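One structure is given here, and the rest of the page talks about it.
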Amino acid sequence: MDEAMPSNATGKVYLVGAGPGDPELLTVKAQNLLERADVVLHDDLVTPAILSLAGPQAKVVNVGKRCGAEGITQAQINARMIDSARRGLQVVRLKSGDPAIFGRLAEELDALEAVGVPFEVIPGITAGIAAAASLGASLTDRRKSSRVVIVTGHRAHANGVQKTLDWQALARADATFIIYMPGHDFGGLRSELLASGLPGEIPAAIVSRATTPDQRQQVTTLGELDKLPRMESPSILLIGWSLDRASQGSSAGDRSLTVDEVELLLSSI
Ligand SMILES: C[S@@+](CC[C@H](N)C(=O)[O-])C[C@H]1O[C@@H](n2cnc3c(N)ncnc32)[C@H](O)[C@@H]1O
């Protein structure tokens, strides 16, 4: 199907966060834009339930590098956004989670700005925040976690040189780590964090397909991280003392009660 004809003369690109998967976690603004969009250019991880919210006039294109458009370059994605906007179309560039977290947002904004195409960024709920919520855990806790460190486990390449994270500098017991794209082999990460002085008892959790009907999670400790079973992608790894109330249940409502909560319940009977 061809892209819709322009609805007005001025096109615009909306870089929209689709959230972690559950359509009910989409912002109202994102939903309204999806309903009105002429073109929706989305990444692989955006769920079908969210894409189904696009209006019937919209041309919906997967420009994801894994499933949708294998081999597509960032420059080609940029060109597609720019071309559609210049034809007067309302373009929703839909990214999983929040567009500003490991979403190549900066590169796309640079490209739009360079040619004077108007744009707007609409935030979304990022996977790490959603994963913590689904575990019934808080990422900060003024009694033990005063910072949140968002990193990627995916080793970036700059000019062909592999960059590794400086865990010695990052590892602090009062931090909660959210590790995007953690891969499946946690042996190296475990060794680096233990060597940086973090105790093996620090809680850790991996959440696969957070907020979707296929969500699975495993709660463990840093010391046992290398024994975690392989989880389906996408998955995210959380490490920190604030996760000590994370449960194996599928949502906050399913988690087992703490000793304090059991006592409170018994005292109210
Ligand atoms: C390219 S990054 C995009 C992150 C996204 N912009 C966000 O804010 O969530 C992709 C990584 O995000 C994480 N991720 C995204 N959606 C997820 C989900 N529903 N459950 C668990 N992890 C998810 C995984 O670590 C995945 O490898």
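Bear in mind that the values in this text are calculations on the coordinates, not laboratory data. Just so you know, these numbers come straight off a predicted model, no measurement behind them. No Cβ is skipped: glycine too gets one built from the backbone with ideal geometry, and neighbour counts run over all protein chains shown.
As a test of the definition: which semi-axes, in Å, follow for the stretch 158-240 when you take the square root of five times each eigenvalue of its alpha carbon gyration tensor? Largest first, please.
The answer is 21, 17, 11 Å, longest axis first.
Let's test the formula: R0 of 35 Å, r as the Cβ-Cβ distance of Ser196 and Lys65. What FRET efficiency results, to the nearest 0.05?
Given R0 = 35 Å and the Cβ-Cβ separation, E is 0.60.
Using modelled backbone amide H atoms (1.01 Å from N, in-plane), which distant-in-sequence or interchain residues come within less than 5 Å of Leu94's amide H?
Those qualifying (amide H under 5 Å, at least 5 residues apart or on another chain) are Val16, Leu41, His42, Asp43.
At q = 0.13, 0.17 Å⁻¹, work out log10 I(q)/I(0) for the stretch 38-180 with the Debye formula, treating every Cα as an identical point scatterer and leaving solvent out; two decimals please.
Computed log10 I(q)/I(0) values: -0.73, -1.08.
So what's the projected area for the stretch 96-218, the Cα convex hull averaged over all directions, in nm²?
Computed as one quarter of the Cα hull surface, the answer is 10.1 nm².
Could you pull the Cα extents of the stretch 69-138 along its three principal axes, largest to smallest, in whole Å?
Taking the Cα atoms of the stretch 69-138, the three principal extents are 46, 27, 18 Å.
By DSSP, what percent of the beta bridges with both residues in the stretch 5-145 are antiparallel, rounded to the nearest 5?
Bridges in the stretch 5-145 that DSSP calls antiparallel: roughly 10 percent.
Given the peptides 56-65, 169-178, 83-92, 233-242, arrange them by the average over their residues of other C-beta atoms within 10 Å, most packed first.
233-242, 83-92, 169-178, 56-65
Which loop-located GluC sites (Glu not before Pro) does the stretch 48-155 contain, where loop means any DSSP state but H, G, I, E or B and the Cβ has at most 10 other Cβ atoms within 10 Å?
Hits after loop and neighbour filter: Glu70.
Points 7 angstrom from Cα along the Cβ direction at Glu113 and Asp83: gap in nanometres?
2.5 nm
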